Amino acid sequence: MCLVLGPSGVGKTLLTKRLQKLCGKESPDLGDVPPTQPTVGTNLTDLTIQRTRVTVREVGGSMVPIWPSYYTDCRSVVFMVDSANPNQVSASCVQLLSVLSAPALSAVSVLVVFNKTDLPCCMSLVEMKSLFRLDDIISCAKQSIAVMEASALEGTGLHEVLQWLHSCASH
């Protein structure tokens, strides 16, 4: 089980739908952007990545108080951040620290995805890492933490996210 977490509006649903499309048997073209709505509750999706099945549970950003109830069966976490929303950085950082400090998640692999790199107002990876003090977080965390940039809208970085999910599921 992989949990996809992050504040409301960061692109968790679109990322999940795009990953599902990339894993499909049809053409590798992502096609039109699928419609999404804010997730209330959770969305469960099975991805087959190179013959390995990964169950992804996207938990709505408004569900933060009950995120811990989903931690027990979790082997990996994709934590998404909106790199085009500087007003959300501090809240995202607090949420990430909360996830990383949860005892049930002390041994999981974590991927921090800075999404929405397609927007002209997005911050660079260097800026985001600095605002998050990500080097400090990574050095203090018990978990293995990877960091990627992506655009769920355009599909940039999604193959790398799939590779990361596959490597987590293979171990």
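Which whole-percent values make up P(r) of the stretch 90-171 when all C-alpha to C-alpha distances are grouped in 10 Å steps starting at zero?
Bin by bin from 0 Å, the calculated values are 16, 46, 34, 4.
Can you give the calculated 222 nm mean residue ellipticity of the chain, where each DSSP H run of n ≥ 4 adds -39,500 (n - 2.57) and the sum is split over every residue, rounded to the nearest 500 deg cm²/dmol?
Taking each H run of at least 4 residues, the total per residue is -9500 deg cm²/dmol.
So for the chain, averaging the separation of alpha carbon pairs under 8 Å that are six or more residues apart and normalising by length, what relative contact order in percent results?
Averaging sequence separation for qualifying contacts and normalising by length gives 27 percent for the chain.
Build a GNM of the chain with springs between Cα atoms under 10 Å: which of ARG133, ARG18, ARG57 gets the top mean-square fluctuation?
Highest fluctuation of the listed residues: ARG133.
Within the chain, how many lysine pairs that are 8 or more places apart, or on different chains, have C-alpha atoms less than 16 Å apart? Please report the intermediate quantities before stating the final value.
Working: LYS12/LYS21; LYS12/LYS116; LYS17/LYS25; LYS17/LYS116; LYS116/LYS129.
Taking the Cα cut-off of 16 Å, the pair count is 5.
If you add up the charges near THR45, with Lys and Arg at +1 and Asp and Glu at -1, over every other residue whose beta carbon is less than 13 angstrom from its beta carbon, what do you get?
Numbers: positive: LYS12, LYS17, ARG18, LYS21, ARG53, ARG57; negative: ASP46, GLU58.
Summing Lys and Arg as +1 and Asp and Glu as -1 gives +4.
What is the mean projected area of the alpha carbon convex hull for the chain, to one decimal in square nanometres? Each step should come with its number before you reach the end.
Values: hull surface 37.0 nm².
Over all viewing directions, the chain projects a mean Cα-hull area of 9.2 nm².
Please state the shape class of the stretch 1-84: rounded when a/c is under 1.5, otherwise prolate if a/b exceeds b/c and oblate if not, all from the C-alpha gyration tensor.
Since a/c reaches 1.5 but b/c is at least a/b, the shape of the stretch 1-84 is classed as oblate.
No value in this document is a laboratory result; all are computed from the given coordinates. All values reported here derive from a predicted model rather than from experimental measurement. We place every Cβ from the backbone using ideal geometry, glycine too, and count neighbours over all the protein chains shown.
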